[in-house]
1. Let a ≥ b ≥ c be the square roots of the eigenvalues of the Cα gyration tensor of the chain; is it rounded (a/c under 1.5), or, if not, prolate (a/b larger than b/c) or oblate?
2. Multiply the residue separation of residue 67 and residue 103 by 0.36 nm, subtract the distance between their alpha-carbon atoms, and state the gained length in nm to one decimal.
3. Express in nm, to one decimal, how much length is gained between residue 16 and residue 43 on full extension, taking 0.36 nm for each residue of separation and deducting their alpha carbon distance.
4. Springs between alpha-carbon atoms under 10 Å, Gaussian network over the chain: tell me which of 106, 122, 45 tops the mean-square fluctuations.
5. Would you mind telling me the antiparallel percentage of the DSSP bridges in the chain, rounded to 5?
6. Report the calculated FRET efficiency for residue 133 and residue 113 (r = Cβ-Cβ distance, R0 = 25 Å), to the nearest 0.05.
7. Hey, got the dipole for the range 13-62? About the Cα centre, +1 on K and R Cβ, -1 on D and E Cβ, debye to the nearest 20?
8. In whole Hz, what ³J(HN,Hα) sequence does the range 112-128 give by Karplus (6.51, -1.76, 1.60; θ = phi - 60°), x for Gly and Pro?
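Values quoted throughout were computed directly from the atomic coordinates according to the rules given, and no laboratory measurement underlies them. Treat the numbers as computed from the prediction; the structure is a model and nothing was measured. Virtual Cβ from ideal backbone geometry, glycine too; neighbours counted across all protein chains shown.
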Amino acid sequence: MHDVVVRRATLLDLETLWKISESEAQAPHWSRSSWEQTLGSPQRLSLLAESEGRVAGVLVVACVGSIAEVETVVVVQQARRKGVALRLLIQAQDELRARGVRELELEVRASNSAALGLYAHLGFLEQGRRARYYSAPEEDALLLAKSL
């Protein structure tokens with residue numbers, strides 16, 4: 001995907017983010033008020049990827065001291081497999097390093113081979129597993145982390 005621009009998400013993006021959470025199956029189904037709290041929180045980094053004037057993806061990271069956790073990475077259906085998640089994660093890592101974050105953690109469905117490949121490419125290593133963590137379908141979560 002050429003011309004992907006990644007920027008900080010703001011409260012002006014609230015409606016767009018809420019619509020993504022309602023329309024994309026892999027997105028967290030957060031309420032409008034949850035998105036509003038997320039966008040207004042200094043403990044979170046929320047990034048939005050845009051291409052050709054349209055939202056292509058979103059990433060939210062929660063920060064606690066020197067550790068951060070990816071809460072969600074969502075790429076809209078028509079923008080998948082085009083480097084959007086990679087761009088979001090690279091920018092997030094740069095911004096987190098500037099905040100003094102030393103470790104980035106996340107969890108992912110054990111069957112999500114596309115995401116696992118991306119995370120391996122970025123240097124994430126498996127730290128553990130949560131059995132039957134996800135539902136619909138029931139599945140283990142892999143816990144991944146990398147040093148920044």
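1. Rounded, because the longest to shortest axis ratio a/c is under 1.5.
2. Extending this stretch completely gives an extra 12.5 nm.
3. 7.6 nm
4. Largest GNM mean-square fluctuation: 122.
5. Values: 34 of 37 bridges.
Close to 90 percent.
6. Details: r = 17 Å, r/R0 = 0.69.
The computed FRET efficiency comes out at 0.90.
7. 140
8. Result, rounded to whole Hz: 7, 5, 4, 5, 4, x, 4, 5, 4, 4, 7, x, 6, 10, 5, 10, x.
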